Amino acid sequence: GSLIEQLTTEKYECMVCCEVVRIVAPVWSCQNCYHVFHLNCIKKWARSPASQAEDGNSGWRCPACQNASTQVPKTYTCFCGKVHNPEWNRNEIPHSCGELCGKKRQCSDCPHLCNILCHPGPCPSCPAFVTKTCECGKTSHSVRCGQSTKIRCSNVCGNTLNCGKHNCTQVCHAGKCSPCQLTVQQVCYCGSNFKEVLCGTKEEFSDGFGNFSCQNTCGKKLNCGRHNCTQVCHPQPCQLCPRLPQVVYRCPCGQTPLSKLLELGCVERKICTDPIPSCGKTCGKPLACGSYELIHTCESLCHEGECRPCSRTSNIYCRCGFKKKVTAITFMCDKRCNKKRSCGRHKCNEVCCVDTEHKCSLVCGRKLNCGLHRCEEPCHRGSCQTCWQTSFDELTCYCGESVIYPPVPCGTQPPECKKTCTRPHDCDHPVYHSCHSEEKCPPCTYLTQKWCMGKHEVRECLIDEECKQPCTIPRLYCNHPCMAPCHPSSPCPTTSCCAKVGSQRELTGELWGSVIGRLQVCQRMTYLLIAAISIATKLTDLQLGDSVEISRLITKKEMKQARLQCDEECLALQRNRRLAEALEIDDNSDPFNIRSSGPKYSDLLKEDARKDLKFVSDIEKEMRMLVEAVNKGKHTKKSHCYPPMNRDHRRIIHELAQVYGIESVSYDNEPKRNVVITAVKGKSICPSNSLTSVLDKEMQSRPPPPIPHYKQADK
């Protein structure tokens, strides 16, 4: 059903090209895992070296289930395989012929063919009813043909067990009967040892005297009645005595026949205990010592029994060839091999090593790319192979909207979901982040009325950090905000004010009126106010007739610091003032209608507004409403917080705020950085012409494009 729905809605993807399988595209379906691929994609995959089976002779592997196939698909057929190049019909399943499937079902003992229309995926279980016998064959029942469960009755099985002596006592069961659990006693071939085994175990090896070899010396009397058998416990009868006269034909060293020694006068042997005549020659049997080039032999005269140890010595190398010493037996040196093993990570460390390949026998044990399993291959060079484990369950995001369909390689991260997070949160504010696979949600970014300890600012929800915003308490002398970091339990520090204010004429009257009116730094004004206040405190001394040294109150350095330095703008204003005086133009007049022409918007601001006119229109509408509300209301200030936005939009807000006389400040870090604007009663104004209206007028004032002139022949 899932395959039919995805193929019909064109949401099924080919695993080779990762493209959507269209309803009219030729496809091929794997008969083992039923995945659907583009026909051309599966042809290219089957011919690629990456698709070949590991043994190289089993053909190519399916990209999904790795099932090997020998034949490469060549034609486009329906799912049941009866129709070539099936045509698409709106009322039928895509890539099907619309006829009965007729394929044999997966159940091997079902004789019925599939009776539904041509379809993708496996055939459903057979719905027919048949009569089946139970596992022991004593009863029969009517069940569905496609039923995979076995039928069992309540009777005892009673079949003969493997021993051939006892019967099965289990209730009706599947498969072969268990081996007989009764124990019997078995004896070894030589009769000296016994053991308990299950009935029927290795009884076929019994020779009538025993059932197993105890690996000890047989010790049975031989046929001579004088010697014992020296062979390991064996099932066959013991051999003849090796010292019988009819068995021994040569002297002990094997160089001379006994018949020749009898001619020389040796006594003929009658029984096995009679000594074997010696030829008197050197034994000459090869000893275990020596080397391939030099073989040591026994130097004793012809004798019975084992040869004596070798009396000679030789220079013998150890097996690795590192050391050599004079000895009669082989030996091993104590040198440990320092060569790297085949993995390149571990040393060989074998004593007297003779290995040439130095294969590492340790298990790799490094973590695979999935991070969950470890490499179980022998220790090797290079990177480990990718984790071969695969899940055939669907991998979904937390909310279940995004799905990765099987097979899913081990270590695959949950799919990215663009839906809003549905996890339970500590607060009841609106959720702005998307669905995620991490267990912990990011902090809430909804702005609430949560004040800092000093009651200076509004902080964000769920952030328990110390307030680092600037203090807004008015200063003592200039009434500007303190702007030092929030200090709830201590008074404002004595620092220089860095706020930009109006001219000195506006602040201190005519005392410093010679300076041109423009924006300057407030810290100089503050100092001058303090100096003026200090002089006023000394007036009482002057009234009593005492003299006051003013130079001690204000030093030359402080006077120089308090003096404002003129720049190019000051020079331009002075030049314009002299020109106005020469032309007898009043300062308050506006002959060119410059002041009443409305606000000036920069070309950059206009260009940005043309790109996003709706955004600028919404911003101006909000600013106008804010200015009107603060001018009509009781409060002296009123603020508005904009949602997080990019840097270009924030710049537009800052420039428009200057035109409207509104304070604008940016808070937080990217990507949650936002702008807060504050309108002040008496300072903030609504311009006569908004930016959007200015742009509309410019568009209307543009001349129409020229009409091209064509000649008569061009018509």
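At-a-glance table
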{"item": "Listed residues D608, D603, D426, D109 arranged by accessible area, highest first, probe 1.4 Å", "result": "D426, D603, D109, D608"}
{"item": "Gain on full stretching of the segment that runs from S259 to V680 - 0.36 nm per residue minus C-alpha separation", "result": "137.4 nm"}
{"item": "Potential extension, S602-F331 segment - 0.36 nm per residue separation minus Cα distance", "result": "87.8 nm"}
{"item": "Under-5 Å amide H pairs with C364, H placed in peptide plane, nonlocal only", "result": "E377, C379"}
{"item": "Percent carbon-and-sulfur accessible area, the range 602-696, ignoring ligands, DNA and RNA, probe 1.4 Å", "result": "52 percent"}
{"item": "Fully extended contour minus Cα-Cα distance, from T412 to K440, at 0.36 nm per residue", "result": "8.1 nm"}
{"item": "With every protein chain in place, the range 167-316: carbon and sulfur % of accessible area (1.4 Å)", "result": "54 percent"}
{"item": "The range 602-696: relative contact order in percent, alpha carbon pairs under 8 Å with at least 6 residues between", "result": "34 percent"}
{"item": "Surface per residue (accessible, 1.4 Å probe) for the range 612-691, Å²", "result": "57 Å²"}
{"item": "Amide H partners (placed H, <5 Å) of E13, local residues excluded", "result": "V21"}
{"item": "Pairwise label distance in nanometres, C163 with A484, each label 7 Å out on the Cα-Cβ vector", "result": "10.0 nm"}
{"item": "Accessible surface, the range 1-124, averaged per residue in Å² (probe 1.4 Å)", "result": "59 Å²"}
{"item": "Accessible area (Å², 1.4 Å probe, nearest 10) - Y34", "result": "30 Å²"}
{"item": "Span from the the range 596-656 Cα centroid across to the the range 85-107 one, whole angstrom", "result": "63 Å"}
{"item": "The range 313-413, accessible area per residue, ligands and nucleic acids excluded (1.4 Å, Å²)", "result": "72 Å²"}
{"item": "Efficiency of FRET between E376 and L573 - r from beta-carbon atoms, R0 60 angstrom, step 0.05", "result": "0.10"}
{"item": "For the range 4-11, Karplus couplings with θ = phi - 60° (6.51, -1.76, 1.60), whole Hz, Gly/Pro x", "result": "4, 5, 5, 5, 5, 8, 6, 10"}
{"item": "Cα lying deepest toward the dipole's positive end in the range 66-220, options Q170, V156, C114, charges on Cβ", "result": "C114"}
{"item": "Percent accessible area from carbon and sulfur atoms, the range 1-124, protein chains only, probe 1.4 Å", "result": "50 percent"}
{"item": "Nearest-0.05 FRET efficiency for T139 and L198, computed from C-beta distance (R0 35 Å)", "result": "0.70"}
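The values are calculated or read from the model by the stated rules, or taken from the named source; none is laboratory data. Only a predicted model underlies this, so the values are computations on that prediction, with no experimental measurement involved. Glycine gets a Cβ as well: all are built from the backbone with ideal geometry, and neighbour counts include every protein chain shown. Please note that ligands, DNA and RNA were not included when accessible areas were found on the heavy atoms of the full protein model with its side chains. Shrake-Rupley method; radii C 1.70, N 1.55, O 1.52, S 1.80 Å.
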